[in-house]
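Working notes, structure below.
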Amino acid sequence: MIAIIDYKAGNLTSVRLAFGALGCEALVTSDPQAILAADRVVFPGVGAAGAAMWNLADLTLIAPIKEVASRGTPFLGICLGTQILFDSSEEDGGTTTLGILPGRVPRFRPSNRWDKVPQIGWNQVAQARRHPLLDGIPDNGEFYFVHSFYPAPADPALAIGLTGYAGVSFASMVGRANVAATQFHPEKSGRIGLRLLDNFTRWTPTPDV
Amino acid sequence: MLTKRIIPCLDIIKRRVTKGVRFLNNIDLGDPVEMAVRYSEGGCDELVVYDITASAEGRPIDIGMVREVARAVRIPFAVGGGISTLGDMSRVLLAGAEKISVNSLAVKNPEIISGGAKAFGSQCIVLGMDPAATPDTARCPSGYEVTTRGFRERTGLDAVAWAKRAEELGAGEIVVNSVDADGTRAGFELTITRLIAEAVSVPVVASGGAGCAAHLRDAFNLAHADAAIVAGILHTGEITLRQIKDELHAEGIPVRMTW
């Protein structure tokens, strides 16, 4: 069973519906026991990092998330869920986040007036390395993004996919061992997004990937 | 490179897609869910669904329809019409929409923008506005005034000032739907679209007046819109999304060509 972590940060319906379209049962839950018992865990979210961390603490979800991420359960972060896996975010005046992946989350600071923030729309994901979640997905395939902040991993080797926007090439997909995470929304990225989620449902992580 | 978005707009009355000129003479075009699926498979980058009579009728949005669209398509869509509280916004997001569009109710109650941005994030709060040209530049220095409720009421608000205010309040995107161009197929109103694109740092969506692919090209190249809404010419089948994208691609405009 796939657990989709509900921490009052929107967007969960579309993630559940996408897994439903793949014929997978996915439970939207904020129950720590259900998350610990799940075969796979999805950590989605839209909204602001500060409120998200407050909600996670209030729902006593921080320890279970750290546990499933560290013990090998296939784990997929999406958008805000991805951002708060890192050590800190610039959002809400600076927010300490989960520290599951080393790095920080800065805001776009475009020098060109026509590069708008948030980035909204379909942008290419260049594959920095092979990863099972990208199986069958073309290099530079377009995924849907909606965000003002972006992952900046401390170790560039964490990057799985790279995307250019507002003068930076940022890690639009990151991962280590059983943790994979996308800044884009696979659940809203049409056919190739569904393919990524389908790959996730069949993914057996190895410690070194 | 971020691609320019092409967004079909579905105006809904009583769960049917309709199209009129300047909100008049609306005709029935089909089922919203079927049309959403057709456009999604045809290569649209996003959809917008407006429950166009909800606000005027003082009733909440048709949430059942939002749920059905969310179940049927795997691309983002925005929903507008009849959203007046944070509870309404929450229901629309939980039904599976990506974004909430507020328009006339935000003019009366601008705090809906800041409240929504704080609760759900700026990226899902879209300000829709319906500017009309006005000779009264003393009151509206940009020469464009915001109107509301299906273009029936003038507000006295300058369109550019309102766009900036909405951005300050936390709107993550602004849809500029020209009253004068709407339904005419004579092209987008490039002047006000560009004025707003220059004035705000969030994405701007051109709306109203699309008659051919060249009109979208102009909205992107001349008015610096980040996205364009298309309705009538797609609904009648005069042009397909593929044809529009092929033409824009040939002109060197970045668009998503595989889906």
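We did not get these values from a lab; they are worked out from the coordinates using the rules stated. Predicted model only: the values in this text are computed from it and were never measured. Quick reminder, even Gly has a Cβ in these numbers, built from the backbone with ideal geometry, and neighbours come from all protein chains shown.
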request  = Averaged over every viewing direction, what's the projected area of the C-alpha convex hull for the protein assembly as shown? Give it in nm², one decimal, please.
outcome  = 19.8
task = Compare B:216, B:93, B:127 in a GNM of chain B, Cα atoms joined below 10 Å, and give the one with the largest fluctuation.
result = B:93
query = Taking every residue in B:251-259, how many Cβ atoms of other protein chains lie within 10 Å of its Cβ, on average?
reply = 3
task = With an 8 Å cut-off on Cα pairs and a minimum separation of 6 or more residues, tell me the relative contact order of the range B:5-250 in percent.
result = 16
ask   = Order of B:201, B:178, A:169, B:84 from fewest to most other C-beta atoms within 10 Å?
value = A:169, B:201, B:84, B:178
Calculated over the range B:14-144: convex hull of Cα atoms, volume per residue (Å³) = 134
inquiry  = What distance in nm separates the two pseudo spin-label positions at residue B:38 and residue A:113, each 7 Å out from Cα along the beta-carbon direction?
reply    = 4.1
task = Provide a whole-number value for the mean count of partner chain Cβ atoms within 10 Å of the Cβ atoms in peptide B:99-108.
result = 0
ask   = Could you work out the helix-only [θ] at 222 nm for the protein assembly as shown, with each DSSP H run of four or more residues adding -39,500 (n - 2.57) and the total divided by the number of residues, to the nearest 500 deg cm²/dmol?
value = -8500 deg cm²/dmol
inquiry  = Only counting other Cβ atoms within 10 Å, I'd like B:85, A:163, A:13 sorted with the fewest neighbours first.
reply    = B:85, A:13, A:163
message = Need one number: convex hull volume per residue for the range A:2-201, Cα atoms only, in Å³.
response = 102
remark   = the range A:30-91 and the range B:180-238 have their Cα centres apart by a whole-number Å value of 40
key: Candidate lysines for bridging to residue B:14, where Cα separation is under 29 Å - those fewer than 8 sequence places away on the same chain excluded   = A:188, B:99, B:108
ask   = Given that compact globular proteins tend to follow 2.2 N^0.38 Å, what is the ratio of the alpha-carbon Rg of the range B:5-250 to that value?
value = 0.92
query = For peptide B:117-129, how many partner chain Cβ atoms fall within 10 Å of a residue's Cβ, on average?
reply = 5
request  = Report, ordered by chain and residue number, the aspartates and glutamates lying within cross-link reach of residue B:118, taken as a straight Cα distance under 20 Å and ignoring same-chain residues fewer than 8 apart.
outcome  = A:6, A:58, A:90, A:91, A:92, B:88, B:98, B:167, B:168, B:173
request  = Would you order A:53, B:257, B:1 from fewest to most other beta-carbon atoms within 10 Å of each residue's own beta-carbon?
outcome  = B:1, B:257, A:53
query = Counting alpha carbon pairs within less than 8 Å and at least 6 residues apart, what relative contact order, in whole percent, applies to the range B:1-137?
reply = 18
